[in-house]
Amino acid sequence: MQKNLKFDIIIKESGDRLQRYFVKNEAIINDIVKIMGDDYFHITKVMRMKCSDNVIICNEDKSWLCSIKEITNDSVYLKILEEVEEKKELPIEITIAQGIIRKEKMEEVIDKITQMGALYYIPIQMDRCNVKINSEKIDKKIERMNKIAKEAAEQSHRSKILKVKYPIDFIDMIYLKKETTNMDKFKKILSGELYDPMDPEIAKEQFPKIDKIILEYNNTSINDTEKREKMLGEILGRAGKNCFILSPFSATWGCNTYVGDNFFANFNFTLLDDAEVHIGNNVKFGPNVTIVTAGHPIYPELREKGIEYNLPVRIGNNVWMGAGVIVLPGVTIGDNSVIGAGSVVTKDIPPNTVAVGSPCRVMREIGERDKKYYYKDMEIGSEWK
């Protein structure tokens, strides 16, 4: 079908730009698009559209002119009429990094920079920021900001949505070039969307580089601390001061992981950092700890295609994870928490707690007794108080 013929006619007849909506790839089956949730409400209750009305649908790679085919109690079904060629994005990709500000102001900034054409927004935690990050609520806040960015992109008739990233500190921002270079080439890897991890372009960039340097790291003497620290700085997106990882160590990317100061990981630390992994200061891992950001669809026909998705993992300050702990995609572990040996962490763990099990559950809060006893009834000596 020739592109833009019907689109041009409809635009001329309407005398205005069409309403547009962004959808995930899985919402498009053949030439039918299924709309649910907030967009369903907007189409039916806000815009009061009817069957045969036209809209633009985008998946951030392509745009289509669509006509409403059917409206049910919870879904709108659209029929794709033709693909639309659009040149609405800037020739360069712009990333905005800004010190964290109040929620209302940040929402306004996201709206404006989306209209301006920016593609990424990264909040920076500065020492003198009045607003501090609440690690327990960060996921919901990022979800809210990305929703605002989506709505702003639809209203300003863009073909791509601004991505709001997780907050980082000022030091991480210095190392940002590694991350943004990676994002420019492989946006879907970090976006949470489905993608093919065995795409030749991705494999060519990923495996030769990481295999070579990690092999060299694992074969470097544990006593050659200066060389090992330098190599960790090359492997990771950021390696803080006194960062120490015992060999063997393995990672899928390395550059998507940001580690704070005084980090220690025992033998066999496995890092599947296809999405971002943020590890705070004074964190300790026992042997055989695994962090996983990659997942696969439950539906078997999708798994047959080899596709996957990635969700970020965040580990707060002063966290201790025992031997054999596995952290799964999308999990946040709060400051000062302890994760018992052999646990499988499938959901967020609040700060200042002891959690254990498969799946991992909070057993208790860290309290006054822990100031007196370090293990069962063994008291902490005065020299350590």
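Data table
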{"quantity": "Pairwise FRET efficiency - residue 382 versus residue 89, Cβ, R0 = 56 Å, nearest 0.05", "calculated": "0.30"}
{"quantity": "Residue pairs, from the table 88/160; 62/165; 103/163, whose Cα atoms sit over 20 Å apart", "calculated": "62/165"}
{"quantity": "Bridge type composition, the chain - antiparallel percent by DSSP, nearest 5", "calculated": "40 percent"}
{"quantity": "Ranked packing of 24-37, 321-334, most packed first, by mean Cβ within 10 Å", "calculated": "321-334, 24-37"}
{"quantity": "GNM flexibility winner over the chain from 338, 109, 319 (Cα, springs under 10 Å)", "calculated": "109"}
{"quantity": "Whichever aspartates and glutamates have a C-alpha closer than 18 Å to that of residue 132, once near sequence neighbours (fewer than 8 apart) are set aside", "calculated": "104, 107, 143, 169, 172, 335"}
{"quantity": "Prolate/oblate/rounded label for the chain (Cα gyration tensor, a/c 1.5)", "calculated": "prolate"}
{"quantity": "Pairwise FRET efficiency - residue 102 versus residue 374, Cβ, R0 = 41 Å, nearest 0.05", "calculated": "0.50"}
{"quantity": "Built amide H within the under 5 Å cut-off of residue 63, gap 5+", "calculated": "84"}
{"quantity": "Gain in span if fully extended, residue 69 to residue 230, counting 0.36 nm per residue against the direct Cα distance", "calculated": "52.0 nm"}
{"quantity": "Sequence-separation-based contact order of the chain, relative, with Cα cut under 8 Å and 6+ spacing, percent", "calculated": "8 percent"}
{"quantity": "Table column - 3J(HN,Hα) (Hz), the stretch 120-125, Karplus curve with 6.51, -1.76, 1.60, x for Gly and Pro", "calculated": "9, 10, 10, x, 10, 7"}
{"quantity": "Separation between Cα centres of the stretch 222-245 and the stretch 328-358, rounded to whole Å", "calculated": "26 Å"}
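Coordinate-derived values only; no laboratory data. All of these numbers come straight from a predicted model, not from anything done at the bench. No Cβ is skipped: glycine too gets one built from the backbone with ideal geometry, and neighbour counts run over all protein chains shown.
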